[in-house]
Amino acid sequence: MLLQNKDIKLDNILVDVFVISISHPLLIGVYENKQLIKTYEQEGKTSDILPLIFEKILSEFRIKELYYVNSPGSYMAIKVAYVFLKTLAITQHIKLKATFGFNFNNQTPIKALGKKYFIYENKEIKIDFLHKDTILGEFKLPEMLDDAIFEAESLPKYNLPAV
């Protein structure tokens with residue numbers, strides 16, 4: 001579902017696209033000159049939604065760079081987003097950059113496995129149960145993309161020990 005369109009002529013504009021696949025709903029932002037111009041927000045499986053939204057994006061824009069959240073969060077959502085975006089990056093000769101999810105939910109806990117959550121404390125990611133009074137933040141797309149928080153190394157980081 002399209003949420004935002006700031007009356008911009010969509011004439012194959014050169015844009016950056018940022019994907020947050022670890023949240024529900026899935027969030028995708030389209031940025032011109034690092035400024036958010038269009039937002040997509042949709043519930044469902046990343047594997048089902050991502051191709052449909054990118055079909056729309058690619059019909060309206062030319063993508064300059066891709067950005068996504070590569071940790072922590074749902075293994076499957078991270079893997080699907082990475083494979084999809086990396087394939088697009090390779091075939092379209094686009095850079096793919098990554099960062100971690102705490103940058104977009106006010107550094108509040110992120111669902112891990114079962115009843116455990118990823119918790120960011122003292123510049124470390126820990127996995128633990130939540131205290132009953134813990135407040136979970138919503139994921140939000142930034143109004144401006146900040147390249148300083150993204151890395152060129154885009155491989156997923158799973159943050160869980162091997163089973």
Q) Among the residues of the range 70-114, which ones are under 18 Å from residue 51 (Cβ atoms) and β-branched (Val, Ile, Thr)? A) 78, 80, 83, 87, 90, 91, 94
Q: Mind listing just one residue for me: the one in the range 131-146 that is surrounded by 12 or more Cβ atoms within 10 Å (Cβ to Cβ) and either modelled with pLDDT of 90 or more or of a type in the set (Gly, Ala, Ser) (or both) and, of those, farthest from residue 28 (Cα to Cα)?
A: 137
Q) If you scan the range 104-126, which residues turn out to be under 17 Å from residue 27 (Cβ atoms) and part of a strand (DSSP E or B)? A) 110, 111
(Q) Of the residues 149, 135, 125, only one is more than 16 Å from residue 99 (Cα to Cα) and either touching a residue at least 24 places away in the same chain (Cβ under 8 Å) or not charged (D, E, K, R) (or both); which? (A) 135
Q: Select from the range 106-122 the residues that are surrounded by 13 or more Cβ atoms within 10 Å (Cβ to Cβ) and free of Cβ contacts under 8 Å to residues at least 24 places away in the same chain and write down the one among them that is nearest to residue 64 (Cα to Cα).
A: 120
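The values are calculated or read from the model by the stated rules, or taken from the named source; none is laboratory data. Note that the coordinates shown come from a computational prediction; the quantities given were computed from them, not determined experimentally. No Cβ is skipped: glycine too gets one built from the backbone with ideal geometry, and neighbour counts run over all protein chains shown.
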